[in-house]
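Undergrad: After the structure tokens below, expect a handful of questions from me.
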Amino acid sequence: MEHPGPPRVNPRGWRAWVAPAPDSLMASTLRLGRPQWVEWVHLAWTAWVFITPLFSPAGYDLRWLWLTLLSYPLFLLLYAATLLRPAREALRYALAMAALAIALLPWYPSGMTYFVFGCVMLRAGRPASLRAYLLALSLLNTIFVASAVALGYPWQAIAWMPVVTTIIGLLVHAEQVGQRKDAALRLSHDEVRRLAALAERERIGRDLHDLLGHTLSLVALKSDLAGRLVDRDPAAARGEIDAVSRVAREALAQVRSAVSGIRSAGIAAELASAKLLLECDGVSLRHNWDESGVAGGALPAEAETALAMVVREAVTNVQRHARARSAEVVLRAGGGGVVLRVSDDGRGGAIAPGNGMDGMRARIEALGGRLAVDSVRGRGTVVEAWLPLARSVEAPRPAGSGEAGP
């Protein structure tokens, strides 16, 4: 008979426990694009566990050492649970931290730090309202102060506790409310983009159906007719085949024109997207248009597309690297062409050329224009593009996009 070996720890179970639950505080932090250490760094305040004995008559005695070795790891485990476990469970771990501090009061004044963390981490339990949160804080502080007074703690040692926990709790609660509103705003922006993309796909589908439906029906009809006439009347069949070829060429030209329109980017659309991108990141965007023959449909399609790509790349760089408070986009006529200027009040400094900058320059120079970038440390960055309007230069066709002609 084979005897079973010792039970093995299931690594999947451990990994599942330490992984943030979908509705946990850590998962919410990660969804906002913030790193995990933002939550763990608060543990630096536990330095008070090791500083408090300096103000205690007993000081760093053997009892303090043993209670620290026993309670501090337990506190860290409870703190991790409030961050990683589901919201419905996190509340019990926050209350456990407060209970641990109250239980240790007779022997361990350093445990008051655990109480502060317990009060603050009530936010992980997602209280229904600010009133409920303040009520829970008041109840915990009443129990703590009553216990400390009963144990003979001097009032100077405990009077600060209700004030500190309430102030920190309110600040953290306000930050959490702001984060939820930001998350809801981002979600609404994503929904707007999704609906806009869906509407655009439907429009493209309708346009292609209207464009090709009649043409392909005509091609099929004339091809069938040519097949029937090829034996009886070769000349008539040849005429039908020529008609099919002509209709196909016209359809090909129409499709190319439609695809060019789909691929082209408008400056107005890019500005709307840029404003959304920057203002979600706390950067205000202003734009100024010269109405004298520049805005609207006066720009050739290829020029507007190139300038729109400059706006997109420049604004993306502002959002990622500039650390700016405001940015401005100016479009005006000048020097026999049109000038686009994108500036910010960010940190500036040396700019390492990359694919985005090279792509902007290539697009502008292919149309006979110029691109200049001026970035001074501490004074922001200016990207200026100039395009001629007197002539229209055909944009180069990407490699590998050859046409199949008859």
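The values are calculated or read from the model by the stated rules, or taken from the named source; none is laboratory data. Just so it is clear, the model here is predicted, and its values are computed rather than measured. Glycine gets a Cβ as well: all are built from the backbone with ideal geometry, and neighbour counts include every protein chain shown.
Conditions tested, residue by residue: (1) over 29 Å from A132 (Cα atoms); (2) modelled with pLDDT of 90 or more; (3) of a type in the set (S, T, Y).
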residue: W37; (1), (2), (3): no, no, no
residue: H42; (1), (2), (3): no, no, no
residue: F55; (1), (2), (3): yes, no, no
residue: G59; (1), (2), (3): yes, no, no
residue: L74; (1), (2), (3): no, yes, no
residue: L77; (1), (2), (3): no, yes, no
residue: L83; (1), (2), (3): no, no, no
residue: A87; (1), (2), (3): no, no, no
residue: A90; (1), (2), (3): no, no, no
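Undergrad: Looking at this structure, is G111 outside any loop (DSSP other than H, G, I, E, B) and modelled with pLDDT of 85 or more? Step through it out loud before you land on a result.
TA: Values: outside any loop (DSSP other than H, G, I, E, B): yes; modelled with pLDDT of 85 or more: yes.
When the stated conditions are applied, G111 passes them.
Undergrad: Among the residues of segment 268-285 satisfying the criterion of being in contact with a strand residue (DSSP E or B) (Cβ under 7 Å, 6 or more places away or on another chain) and either at pLDDT below 75 or not hydroxyl-bearing (S, T, Y) (or both), which is nearest to A303 (Cα to Cα)?
TA: My answer is L271.
Undergrad: Additional query: Which is more than 27 Å from H42 (Cβ to Cβ), assigned to a helix (DSSP H, G or I) and at pLDDT below 75, of R180, R203? Break it down into steps so the answer makes sense when it comes.
TA: Details: R180 fails: more than 27 Å from H42 (Cβ to Cβ).
The match here is R203.
Undergrad: Next question, about the same structure. Are there any pairs with C-beta distances below 8 angstrom linking a residue in segment 127-156 that is in the same structural domain as S56 (by TED's automatic domain parsing) to a residue that is exposed (fewer than 12 other Cβ atoms within 10 Å of the Cβ) and assigned to a helix (DSSP H, G or I), with the two at least 6 apart or on different chains, and if so which?
TA: V149/W155
Undergrad: Right, next: Can you tell me which residue within segment 35-92, out of those that are surrounded by fewer than 13 Cβ atoms within 10 Å (Cβ to Cβ) and of a type in the set (K, R), is nearest to the chain's Cα centre (by Cα)?
TA: Once the filter is applied, the top-ranked residue is R88.
Undergrad: When the residues of segment 142-162 are narrowed to those that are out of contact with any helix residue (DSSP H, G or I) (no Cβ under 8 Å at 6 or more places or on another chain) and of a type in the set (A, V, I, L, M), which ends up modelled with the lowest pLDDT?
TA: A159
Undergrad: Could you list all residues from segment 97-113 that are buried (at least 19 other Cβ atoms within 10 Å of the Cβ) and of a type in the set (G, A, S)?
TA: Hits for segment 97-113 are A98, A101, S110, G111.
Undergrad: Additional query: Got a sec? Which of L91, L76 is assigned by TED's automatic domain parsing to the domain that holds G152, more than 17 Å from H42 (Cβ to Cβ) and part of a helix (DSSP H, G or I)?
TA: L91
Undergrad: What are the pairs with Cβ atoms under 8 angstrom where one residue, in segment 158-170, is more than 10 Å from L140 (Cβ to Cβ) and the other, located anywhere, is exposed (fewer than 14 other Cβ atoms within 10 Å of the Cβ)? Sequence gap at least six, or different chains.
TA: Close Cβ pairs satisfying both conditions: I158/V149.
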